[in-house]
1. For the range 172-195, enumerate the residues that are under 26 Å from residue 107 (Cα atoms) and either of a type in the set (Val, Ile, Thr) or exposed (fewer than 13 other Cβ atoms within 10 Å of the Cβ) (or both).
2. Just to be sure before I move on: is residue 66 free of Cβ contacts under 8 Å to residues at least 24 places away in the same chain and either aromatic (Phe, Trp, Tyr) or closer than 28 Å to residue 297 by Cβ (or both) in the structure I sent?
3. If residue 80 passes every condition in (1) at pLDDT 95 or above; (2) under 16 Å from residue 156 (Cα atoms) but one, which one does it miss?
4. Are there any pairs, at least 6 apart or on different chains, whose C-beta atoms fall under 9 Å, with the first in the range 251-279 and closer than 30 Å to residue 304 by Cβ and at pLDDT 85 or above and the second assigned to a strand (DSSP E or B) and of a type in the set (S, T, N, Q), and if so, which?
5. With respect to residue 47, is the statement that it is in contact with an Asp or Glu (Cβ under 8 Å, 6 or more places away or on another chain), within 21 Å of residue 256 (Cβ to Cβ) and not assigned by TED's automatic domain parsing to the domain that holds residue 292 true?
6. What number of residues within the range 121-161 satisfy the criterion of being buried (at least 20 other Cβ atoms within 10 Å of the Cβ), in a loop (DSSP other than H, G, I, E, B) and under 40 Å from the mean Cα position of the chain (by Cα)?
7. Working only within the range 153-195, note down all residues that are among the hydrophobic types (A, V, I, L, M, F, W, C) and more than 28 Å from residue 91 (Cβ to Cβ).
Amino acid sequence: MLFVILTILACVSHGEIFFNTDDNSTIQNYDNEPTYNIYKWVQQLQLQTCVFVGIGLKYYALFVENVNYKQNNTIKSTNYFLGICHYSTLETWNLCSNSLAKTRRHKCTFKLKPGVYQSRVHRRFCDFKVMIKNKDCSCMSSILQENLYKVRGFPMCYIPPLPYSICKYNVCGLSKCSSLTVENSVYSVRCDVACMTGNPFCEGPMHRSSAPPKINSHWSKWSHQEIAVADASESRPSRTSSEPSTSKKLHSVATCINNYRNSKGLDCLGPGTGCCPPNSSNCVCETDELQGGLVLKRSYELQIKRRRNPSFKIQRPFKRNTREYKRLLRDTSNNMDDDEEDDEDLDEDIVLEEDTTETTPSTTEYLEKEELEEEVGKDLQDRITLIRKNNNSTKSGGTKFKCVSEKFISWLLFTLVFAFL
């Protein structure tokens with residue numbers, strides 16, 4: 001009886017009762033099932049932080065995680081699902097470069113001590129240039145009678161249908177889990193933010209293995225040698241734009257710098273998908289180790305539009321001179337007209353000077369003058385009456401204005417009468 005119990009316990013510990021690890025299984029991974037293809041997205045990643053979340057039966061789900069610390073020592077993050085794999089394969093993986101693994105060995109391997117309580121969540125470094133070369137996880141097996149399918153572009157597996165199957169296994173523990181799509185075809189989960197600990201996967205108090213790796217370095221600014229490294233060739237204008245454009249290929253470099261020693265560092269994260277500048281094309285980013293430190297290189301192309309008629313600005317001064325010339329001609333013609341009018345006035349003055357004989361006005365002329373004087377007098381009297389009425393309705397200061405107006409009108413009346421006489 002004791003032998004039977006020990007045999008059952010041994011089988012459970014190796015997970016042989018719950019899943020089949022026979023690699024000769026005839027399961028076809030892509031029959032009648034859409035694939036999870038993250039090849040292009042993974043190719044843009046450099047050194048990142050990853051989190052292994054236990055889902056049971058020694059299987060772990062792997063997420064890329066952008067970590068931000070909160071004030072109460074909890075973590076706020078955005079995570080990206082990469083796949084699931086059995087621990088027996090994950091413990092053989094290399095997660096970092098050899099140089100970084102020498103100084104940060106605990107965060108560059110995923111090996112758990114047997115017989116010791118382990119956290120459900122484990123955070124590590126993940127250098128994707130290294131990880132894509134690791135041994136493939138066995139996707140020909142099944143977990144809880146569900147078939148596994150291979151992820152395209154990364155050596156892990158998944159259970160269809162995505163993204164709903166991610167929450168089917170307890171990546172959030174006992175808390176609420178919701179799946180979502182982030183960044184095109186990459187999937188993620190969001191655990192209940194009100195769970196007891198408030199951590200991304202509702203893990204318990206921060207265990208050493210679940211704490212994010214400490215980052216001791218940062219990227220420098222892009223080098224100032226971001227100049228054209230390829231000969232620019234002028235392209236034809238597109239259908240949407242009538243302006244020709246020039247394509248320039250640019251190249252720039254950033255260096256990883258240690259925060260404490262002011263020397264080259266090895267643990268700079270990213271920049272991942274944020275490496276390429278906006279509106280660029282054919283962008284390639286890659287990291288290399290150079291003289292004991294990380295170097296980030298990028299090359300890309302930019303389209304620079306040019307004006308079709310660059311000589312337009314040169315012609316503007318000539319237009320300006322033409323306008324001045326026309327204005328000069330117009331002023332000259334006006335001056336000539338003024339001179340002709342002055343000559344005519346001069347002739348009239350001469351005639352008036354020559355015509356010095358006095359002529360006696362007729363009786364009809366005297367009568368017309370008297371009638372005009374009476375009409376002018378009546379008109380002025382009416383205006384004086386109207387002005388007085390308006391002045392009476394004004395406020396303080398109107399009296400002075402009234403006196404001035406009466407004097408002016410009286411003077412004007414006297415002048416007109418004298419002129420007619």
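1. Correct list: 186, 189.
2. yes
3. Condition not satisfied by residue 80: (1).
4. 251/299; 252/299
5. Considered against the rule, which asks whether it is in contact with an Asp or Glu (Cβ under 8 Å, 6 or more places away or on another chain), within 21 Å of residue 256 (Cβ to Cβ) and not assigned by TED's automatic domain parsing to the domain that holds residue 292, residue 47 comes out as yes.
6. The qualifying residues number 6.
7. Answer for the range 153-195, where residues must be among the hydrophobic types (A, V, I, L, M, F, W, C) and more than 28 Å from residue 91 (Cβ to Cβ): 180, 182, 193, 194, 195.
The values are calculated or read from the model by the stated rules, or taken from the named source; none is laboratory data. On a predicted model such as this, the values are computed, not experimentally measured, just so you know. Note that each Cβ is placed from the backbone with ideal geometry, even for glycine, and that neighbours are counted across all protein chains shown.
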